[in-house]
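Novice: Attaching a single structure in structure tokens format; questions to follow.
The values are calculated or read from the model by the stated rules, or taken from the named source; none is laboratory data. Quick caveat: nothing in here was measured; it's all calculated off a predicted structure. Neighbour counts are summed over all protein chains in view; Cβ atoms, including those assigned to glycine, are modelled from backbone coordinates with ideal geometry. To get the accessible areas, we keep the full protein, side chains included, count just its heavy atoms, and leave off ligands, DNA and RNA. Shrake-Rupley method; radii C 1.70, N 1.55, O 1.52, S 1.80 Å.
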Amino acid sequence: MKFQDEYRDPVAAERICTAIKKVTTRPWTIMEVCGGQTHTIVKYGIDELLPHEIELVHGPGCPVCVTPLEIIDKAIEIASRPGVIFCSFGDMLRVPGSDRDLFAVKATGGDVRIVYSPLDCLTIAERNPDRTVVFFAVGFETTAPANSMAVYQAKRRNIKNFAVLVSHVLVPPAMTAILSSPRNRVQSFLAAGHVCAVMGYEEYLPIAEEFKIPIVVTGFEPLDLLEGIYRCVCMLEEGRIGVENQYTRAVRREANLPAVELIREVFEISDRKWRGIGGIPQSGFRLTPAYAEFDAERRYAVDHLEVAESKECVSGLILQGLLKPHDCPAFGKTCTPESPLGATMVSSEGACAAYYHYGRFRGERQPETVYTIQGQEPSPCRV
Ligand code: SF4
């Protein structure tokens, strides 16, 4: 398929793997930030193609996985109220709350609907003037423009029976929190290309400077990831710090200004809790005072609700790169996609779901692949 096959070319992959092997002299730990990148890595076995010195650990960039339990409980509470049409992207419906999920609310008569765009909620609201449509506004910087647009349009079109339950988080503060931890193992990041397509990558430059690390903005196809890893390894081996952009077909240094202006119109930066990780200062969005009337937490008075996270689920440690899914005692036993204990087993971007679906039940790596080089070898650090 055009625009896909060329990024999955096995000959090119082999060439980059060989180049990575050639430049690697010591152990390095690299974190891919985004859960979409994790799924590509596990699905295509990219981690198993690398030299044994290179370890990939999986980051917190799965919005479903890091949405706190108390927000899920708030969603369930709101969705159970009479007169509410609760709309969400599909992944969120199976995320376990304290005692049930949104599918259970739907099964017991709640009007819970899957939407593909937050703007669809405005149409539903206009068609149901006697009910209130609540959209579960979850995500990173990638979904913030569309979610902002829905709230902005609701205000402009005077749609009063619409509200949002906001759980927006931001990537750079999470990277900073991981790097600041005394237990941190991450020496370099593959930054999430789609986040940078909205925000640019200027905000990563101070992180690279402060923590003296290389960051490579990377895409989502196998060759994107291999090239991103290659660039990280080159920078690590050469002692270079800074930010490089592998995903040039979608990302510029500067932000997408119209998108960012719209986000700033509707949202302001606030402290946020991350599931399994805890509170990270200035790591998310909340509605600005001008749009507070659309805040579902206030409208339904659930903003006081607090619950304790499950002790059994260690997803917070997985998303900080400290454990792998198969290190969790519940993985594949009491926790499966059919009966998940944590969000990382549910989400299509969750690390536990990736390990389960692609059969990574043990910690051992396969014997290192030996490549036959076809054609000319790339020169070191120049694929
Ligand atoms: S396997 Fe299940 S319980 Fe264990 S960390 Fe993953 S989601 Fe949590």
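Novice: Only one residue in A301, A330, A290 is open to solvent by less than 40 Å² (accessible area, probe 1.4 Å) and either over 20 Å from the mean Cα position of the chain (by Cα) or at pLDDT below 95 (or both). Which one?
Specialist: Exactly one residue qualifies, and that residue is A330.
Novice: Mind counting the residues in the stretch 326-352 that are in contact (Cβ under 8 Å) with a residue 60 or more places away in the chain and within 9 Å of the ligand (Cβ to nearest atom)?
Specialist: 8
Novice: Out of the residues in the stretch 189-220 that are under 16 Å from the mean Cα position of the chain (by Cα) and not hydrophobic (A, V, I, L, M, F, W, C), which is most open to solvent (accessible area, probe 1.4 Å)?
Specialist: H194
Novice: Quick one: which of V64, V84, V57 is open to solvent by less than 30 Å² (accessible area, probe 1.4 Å), of a type in the set (V, I, T) and modelled with pLDDT under 95?
Specialist: Within the list V64, V84, V57, the selection yields V64.
Novice: Quick one: count up the residues across the stretch 294-309 that are assigned to a helix (DSSP H, G or I), of a type in the set (D, E, K, R) and touching a residue at least 12 places away in the same chain (Cβ under 8 Å).
Specialist: Result for the stretch 294-309: 2.
Novice: So, restricting to strands (runs of 3 or more DSSP E) that lie completely within the stretch 144-245, which ones have at least 2 residues that are in contact (Cβ under 8 Å) with a residue 24 or more places away in the chain and among the hydrophobic types (A, V, I, L, M, F, W, C)?
Specialist: 162-169, 188-192, 214-218
Novice: Kindly check whether there is at least one residue in the stretch 261-278 that is more than 25 Å from S148 (Cβ to Cβ), assigned to a strand (DSSP E or B) and either β-branched (V, I, T) or open to solvent by 10 Å² or more (accessible area, probe 1.4 Å) (or both).
Specialist: Looking through the stretch 261-278, at least one residue is more than 25 Å from S148 (Cβ to Cβ), assigned to a strand (DSSP E or B) and either β-branched (V, I, T) or open to solvent by 10 Å² or more (accessible area, probe 1.4 Å) (or both).
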